[in-house]
1. Look through Val49, Val64, Val87 and report the one residue that is touching a helix residue (DSSP H, G or I) at 6+ places or on another chain (Cβ under 7 Å), under 25 Å from Glu173 (Cα atoms) and modelled with pLDDT of 95 or more.
2. Go through (1) touching a Ser or Thr at 6+ places or on another chain (Cβ under 8 Å); (2) of a type outside the set (Lys, Arg); (3) more than 17 Å from Val133 (Cβ to Cβ); (4) at pLDDT 95 or above for Glu37 and report which single condition fails.
3. Restricting to helices (runs of 4 or more DSSP H) lying wholly in the range 65-140: which have 2 or more residues that are of a type in the set (Ser, Thr, Tyr) and under 24 Å from Leu24 (Cβ atoms)?
4. Assuming Ala50 fulfils every condition listed in (1) over 19 Å from Gly132 (Cβ atoms); (2) of a type in the set (Gly, Ala, Ser); (3) in contact with a Gly (Cβ under 9 Å, 6 or more places away or on another chain) apart from one, which condition is it?
5. Does Gly91 satisfy the criteria of being buried (at least 18 other Cβ atoms within 10 Å of the Cβ) and at positive phi?
6. What pairs can you find where one residue is in the range 19-48 and over 16 Å from Thr105 (Cβ atoms), the other is exposed (fewer than 13 other Cβ atoms within 10 Å of the Cβ) and modelled with pLDDT under 95, and their Cβ atoms are less than 8 Å apart, with a gap of 6+ or different chains?
Amino acid sequence: MTPSENTGESTHESDESAASDSSLLAKVLTVSDGVAEGVREDRSGEALVATLISHNYDVVEHSVVADGVESVAERLSELTSGFSGLVVTTGGTGFTERDLTPEGTRRVIEREAPGIAEAMRLTNPLGRLSRGVAGIVGGSIVINTPGSTAGCVECFEAVADVLPHALRLLHGERLH
């Protein structure tokens, strides 16, 4: 099983010990009924994993959850518990009845980071249709990206330059 196929176990002995090194840690959560049911391929999740790796993140987990407020909130709580790094979701940020990722995310985050979400929405005209949010929970930054392969990568790329700095600040480094 590759790290991108991981459905629950970290590729590190513990997230805390991995956070002590200088690598950037990330987890990817695909939110999709179709992928969770095995009837659709997880292209956006795989694209995010590859993109994060190209930006020097160590992707320690990639999992899938069905759409829904409770399912997203529960899985994000599990992913962020004891973890210091970036959690990127893909899917569930649009206008359909089942697009509830932002609502699930808001149940988990402690503080919103609206500038990150706003920057992601500016990537192209369709970005204005994203309801995705970004925020902080414990030592993690959570960002919601769209479920389209191009959209999730574009949104991450829009904020990729500031996320390492944001993570260092969150983890207590004095950079000023």
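The values are calculated or read from the model by the stated rules, or taken from the named source; none is laboratory data. The shown structure was predicted, so the numbers you read here are calculated from the model rather than taken from an experiment. Note that each Cβ is placed from the backbone with ideal geometry, even for glycine, and that neighbours are counted across all protein chains shown.
1. Val87
2. Unmet for Glu37, out of (1) touching a Ser or Thr at 6+ places or on another chain (Cβ under 8 Å); (2) of a type outside the set (Lys, Arg); (3) more than 17 Å from Val133 (Cβ to Cβ); (4) at pLDDT 95 or above: (1).
3. Filter on the range 65-140 gives 69-80, 101-108.
4. Only one criterion in (1) over 19 Å from Gly132 (Cβ atoms); (2) of a type in the set (Gly, Ala, Ser); (3) in contact with a Gly (Cβ under 9 Å, 6 or more places away or on another chain) is unmet by Ala50, namely (3).
5. Against the criterion (buried (at least 18 other Cβ atoms within 10 Å of the Cβ) and at positive phi), Gly91 qualifies.
6. Qualifying pairs under 8 Å: Ala19/His171.
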